[in-house]
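Worksheet: one structure, shown below.
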Amino acid sequence: MLQGRIVRGVADRINAVLWYSDLRDFTTITDSSPPDEVIPLLNDYADAVISAIHDKGGSVLKLTGDGVLAIFGGAGPEETCRRALLAEMKMRKRIAELNEKRKAEGRAVAGVNLGLHIGDVFYGNIGSATRLDFTVIGPAVNEVSRIVALCRSVERNILLSSDFAAATPEPERSRLVSVGRFALRGVSRAQDLYTIDPELVRE
């Protein structure tokens, strides 16, 4: 913005960690909750997720209902992967605290599913002359959205791409375990996916 580049069609190719998270069982929760509780619920969880991302140097690009798309950039792959994992830890802590508070108030609670990937994307403004969206595009964005969609079927609340796992430094890499090889819908190559050792994750 300071360089005057917030104009239509201006985009930079960058390598970044992509974060895509959404609420687990959101449709079920909204179907069973009073209508006037849905927006406060979204706000509560968005605050926990977004504040954790910002605290570790990430940038939130888009809110899609219960989903959050963010990136971690501006450093080498090892550092951006480390910051994303630190944000994940902080998010889990804040979600746990939020759920305790909401349970005590007799309100609905939720969990968060998260996909992490790293790759090249185009970062900039896309849209019409009257409506611009500052976001990222590229195959890596599609991949991270497919990865988080698998969380439910493999019963894991965080899934990491093989590229993300390979770029993760020690000691963080030693905490990752494989969950198998998967074909992602709309993605030409199957890939191994990883999660954080379940013994180390508490929500």
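All of the numbers you see were taken from the coordinates with simple rules; none came from a lab. It should be emphasised that the depicted structure is a prediction, and the values quoted were computed from it without experimental measurement. Don't worry about glycine lacking a Cβ; one is built from the backbone with ideal geometry, like all the others, and counts go over all protein chains shown.
If you plug each phi of the stretch 157-162 into the Karplus form 6.51 cos²θ - 1.76 cosθ + 1.60 with θ = phi - 60°, what whole-Hz ³J(HN,Hα) values come out, in order, with x for Gly and Pro?
In residue order, the calculated couplings are 8, 9, 10, 10, 6, 5 Hz.
Going by average Cβ neighbours within 10 Å, how do the peptides 57-70, 25-38 rank, with the highest at the top?
Taking the mean over residues of other Cβ atoms within 10 Å, the ranking is 57-70, 25-38.
Please give me the summed charge of the neighbours of Ser174: other residues whose Cβ is under 15 Å from its Cβ, Lys and Arg +1, Asp and Glu -1.
-2
Under a point-charge model restricted to the Cβ atoms of Lys and Arg (+1) and Asp and Glu (-1), what is the dipole moment magnitude of the chain relative to its Cα centre, in debye to the nearest 20?
320 debye
Going by amide H atoms built from the backbone, whose H comes under 5 Å of the H on Leu61, apart from near neighbours?
The answer is Leu69, Ala70, Ile71.
For the chain, what is the calculated [θ] at 222 nm in deg cm²/dmol (nearest 500), taking -39500 (n - 2.57) for each run of four or more DSSP H residues and dividing by its residue count?
After summing the helix terms and dividing by the residues of the chain, the value is -12000 deg cm²/dmol.
Return the sequence-ordered ³J(HN,Hα) values of the stretch 107-114 in whole Hz as given by the Karplus equation 6.51 cos²θ - 1.76 cosθ + 1.60 applied to θ = phi - 60°, using x for Gly and Pro.
These are the phi-based 3J(HN,Hα) values: 10, 5, 10, 9, x, 10, 9, 9 Hz.
When the gyration tensor of the chain is built from Cα positions, what are the square roots of 5 times its three eigenvalues, in whole Å, from largest to smallest?
Calculated on Cα positions only, the semi-axes equal 26, 23, 16 Å.
Each residue of the stretch 53-66 in order: what ³J(HN,Hα) in whole Hz does its phi give by Karplus 6.51 cos²θ - 1.76 cosθ + 1.60, θ = phi - 60°, with x for Gly and Pro?
4, 5, 4, 10, x, x, 10, 7, 9, 7, 10, 10, x, 8
Residues with amide H under 5 Å of Phe182's amide H, sequence separation 5 or more or different chain, H placed in the peptide plane at 1.01 Å from N; which?
Gln191, Asp192, Leu193
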